[in-house]
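Encoded as structure tokens, the structure appears first; notes follow it.
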Amino acid sequence: MRGRRVRLGRWTTPVAVHLMLGLAALAVAVPLLWAVKSSLGTNAELQATPVQWLPTSLHFENYTEGLVAQPFSTYFLNSFIVAVAVTITTVVASALAGYGFAKFSFPGRSLLFAIVIVSLMIPFQAIMIPLFIQVRSYGWLDSLVGLIIPGAVSGFGVFLMRQFMRGIPDALCEAARIDGASEFQVFWRVVLPLARSSLAALAALTFLASWNNFLWPLIVVQSTRTMTVPLGLAQFQGTDLTNYVEIIAVSLVAAIPVVALYVVMQRQIITSFATSGVKG
Amino acid sequence: MTVAFSNTRASDAAADTVVRRRPWIPRLTPARRRSLVGLMFVLPGVAPLCLFVIYPAFNSLWLSLTDWDLSAPPQFQGIQNYLDLAANQQFLHSVLTTAEFAVGVAIPSAVLAFVVAVLLDAGVRFTAWYLPLLFFPAVLPSVVSAILWGIMYQGNGVVNNALGTRIGWLTDPTWALPSLIILLVWTNLGYYSVIMLAGVRGVPREYYEAARTDGAGWFQLIRHITLPLVRPALLFILVIATADSLTMFVYPYLLTRGGPGDATRMLSELIYETAFSFTNIGKAAAMAIVLLVAALSIAAVQFRLLRSSHE
């Protein structure tokens with residue numbers, strides 16, 4: 001079905017198709033291109049009528065000055081630490097649990113899997129208040145631990161890995177067992193190498209979600225010491241309201257890790273978003 | 001890890017020697033042992049979910065039955081918060097706004113995504129690069145999108161300057177919600193298109209060929225074959241838009257603070273403000289439970305749709 005697609009008729013000439021898709025692409029791209037252009041301009045240019053679509057001069061100092069207007073190096077470091085930690089814990093726990101659910105049967109399995117499914121359906125907003133109270137009672141407010149631990153495992157990740165690992169033939173695991181491999185060796189030497197690409201997709205999605213997360217840091221963070229990039233951006237925008245060009249410049253820098261990850265892994269990211277029906 | 005699993009070798013002989021060497025480990029039948037190993041594998045995933053998702057969900061339920069300002073001990077007061085919500089104009093208005101936002105996003109998104117999907121599926125060459133571009137805003141940090149669009153939407157911003165208007169996109173009560181809707185459609189168009197594309201590609205090719213030999217034109221093909229067959233995908237987009245609307249926080253919080261007035265105060269933002277600005281924990285928790293019930297119902301529909309589309 002995917003090989004040769006249907007041509008709907010001679011009316012859908014390639015030119016018309018490209019014209020219409022190009023229009024949609026333009027609508028998506030123009031705000032981004034405008035942002036890149038504005039980040040190198042001045043505040044006056046940004047508000048000029050008629051709209052100036054092309055830069056007249058390049059102000060790279062918007063970037064250098066914007067990035068020191070707030071302790072952004074701390075924010076970037078915090079965001080990286082949190083995102084990397086959450087990605088590691090999520091990938092490890094999801095791989096282990098996915099394998100356990102896919103390849104073992106034990107009493108209580110369906111109950112435990114139901115817990116995974118339900119936690120995948122519960123929106124964060126529905127539990128943020130008790131989570132705040134819980135984290136407060138552990139003394140984790142305003143700490144990176146408080147940012148990392150509650151989001152360290154995701155139901156989505158476990159579900160995704162379980163779905164994938166169910167597709168690995170039992171015969172492969174059985175063969176390794178006959179060769180004397182321990183259960184952990186079967187997991188480590190046979191299953192994990194096969195799951196590498198879906199683990200990479202999960203890692204990418206988890207990193208993106210953590211890097212972009214705003215609401216939980218907004219609740220946990222109380223000082224610039226533990227602030228992450230999205231919070232820092234919001235604070236920059238709140239305190240320096242009319243310094244548009246620098247705010248845009250720093251926003252674009254904040255998007256760089258996301259863009260890099262997307263360029264490398266866009267195919268996996270798009271398919272995992274789509275097949276799951278669950279968005280980061 | 002390795003230590004924990006060292007007594008679970010498949011070979012009985014090996015396992016027996018391990019057990020004999022460490023007599024405090026009870027002797028297990030191979031089936032029991034495998035069960036235990038399976039349990040050990042799922043525990044690192046399931047235990048944190050119980051502690052940081054399931055337990056808080058029940059905690060939300062308990063908090064919703066109390067009156068609490070975070071300092072004095074919570075006072076149990078039964079279903080009072082729910083009774084109050086049923087008469088709370090701001091809450092009811094925010095439920096309505098959330099629904100309006102969902103429908104407002106779903107309808108243009110479904111139309112646009114359908115058009116994009118049909119065009120991408122038309123078999124024209126060099127169209128593969130459109131989707132990654134259209135999808136890109138969905139991976140941008142929502143704070144970044146909010147900041148960019150906030151600046152574009154300003155009174156003397158680029159949107160007004162390009163259109164030659166002077167509309168207060170985010171400050172005018174009639175325009176604030178539509179402006180946020182446009183922003184979310186921009187964010188999610190590629191995502192919705194991917195879902196729609198899966199639906200459009202699922203239409204069997206023979207249907208088109210049969211209809212074409214009967215003399216149907218492209219419009220008739222789309223109207224009578226594609227459209228009816230992608231109805232599940234259309235419904236799916238409505239469901240996802242509703243879920244997105246229920247959890248919509250960053251855009252109203254950063255761009256309008258729920259205003260002007262309550263014009264863009266959607267449920268998630270109202271819960272946040274009630275809990276963390278007004279420290280009315282019980283009332284906010286009751287709203288969170290309403291949100292939870294709505295989200296679980298939507299997820300149930302979503303799962304059913306996914307299952308039927310996979311069959």
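Can you tell which of B:105, B:42 is over 18 Å from the mean Cα position of the chain (by Cα) and surrounded by 20 or more Cβ atoms within 10 Å (Cβ to Cβ)?
Details: B:105 fails: over 18 Å from the mean Cα position of the chain (by Cα).
One residue alone meets the criteria, B:42.
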(message) Which condition from (1) touching a residue at least 24 places away in the same chain (Cβ under 8 Å); (2) surrounded by fewer than 20 Cβ atoms within 10 Å (Cβ to Cβ); (3) in contact with a helix residue (DSSP H, G or I) (Cβ under 9 Å, 6 or more places away or on another chain) is the one that residue A:222 breaks?
(response) (3)
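From A:228, A:242, grab the single residue that is more than 16 Å from the chain's Cα centre (by Cα) and either more than 17 Å from residue B:148 (Cβ to Cβ) or at pLDDT below 85 (or both).
Details: A:228 fails: more than 16 Å from the chain's Cα centre (by Cα).
Sole residue among the options that is more than 16 Å from the chain's Cα centre (by Cα) and either more than 17 Å from residue B:148 (Cβ to Cβ) or at pLDDT below 85 (or both): A:242.
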(request) Read through the list (1) without any contact (Cβ under 8 Å) to a residue 12 or more places away in the chain; (2) part of a loop (DSSP other than H, G, I, E, B); (3) loosely packed, with under 15 Cβ neighbours inside 10 Å, then give the number of the only condition that residue B:83 fails. (result) (2)
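Among the helices (runs of 4 or more DSSP H) lying completely within segment B:179-280, list those that include at least 1 residues that are facing another protein chain (nearest Cβ under 10 Å) and aliphatic (A, V, I, L, M).
Working: elements: B:205-213, B:218-221, B:231-246, B:267-272.
In segment B:179-280, B:218-221, B:231-246, B:267-272 are the helices (runs of 4 or more DSSP H) which contain 1 or more residues that are facing another protein chain (nearest Cβ under 10 Å) and aliphatic (A, V, I, L, M).
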(message) Can you tell me how many residues within segment B:128-172 are buried (at least 18 other Cβ atoms within 10 Å of the Cβ) and either within 21 Å of the chain's Cα centre (by Cα) or not in a helix (DSSP H, G or I) (or both)?
(response) 19
(request) Find the helices (runs of 4 or more DSSP H) located wholly in segment A:94-209 whose residues include 2 or more that are more than 10 Å from chain B (Cβ to nearest Cβ) and either within 23 Å of residue A:231 (Cβ to Cβ) or touching a Ser or Thr at 6+ places or on another chain (Cβ under 8 Å) (or both), and list them. (result) A:144-148, A:155-166
(request) Could you tell me whether segment A:228-239 includes any residue that is surrounded by 22 or more Cβ atoms within 10 Å (Cβ to Cβ), more than 9 Å from every other protein chain (Cβ to nearest Cβ), within 23 Å of residue A:123 (Cα to Cα) and touching a residue at least 24 places away in the same chain (Cβ under 8 Å)? (result) yes
(request) Tell me which residues, restricted to segment A:240-249, are part of a helix (DSSP H, G or I) and either within 9 Å of another protein chain (Cβ to nearest Cβ) or without any contact (Cβ under 8 Å) to a residue 60 or more places away in the chain (or both). (result) A:244, A:247, A:248
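The values are calculated or read from the model by the stated rules, or taken from the named source; none is laboratory data. Not measured: the values here are computed from a predicted model. Cβ coordinates were reconstructed from backbone atoms using ideal geometry, including for glycine residues, and neighbour counts include every protein chain displayed.
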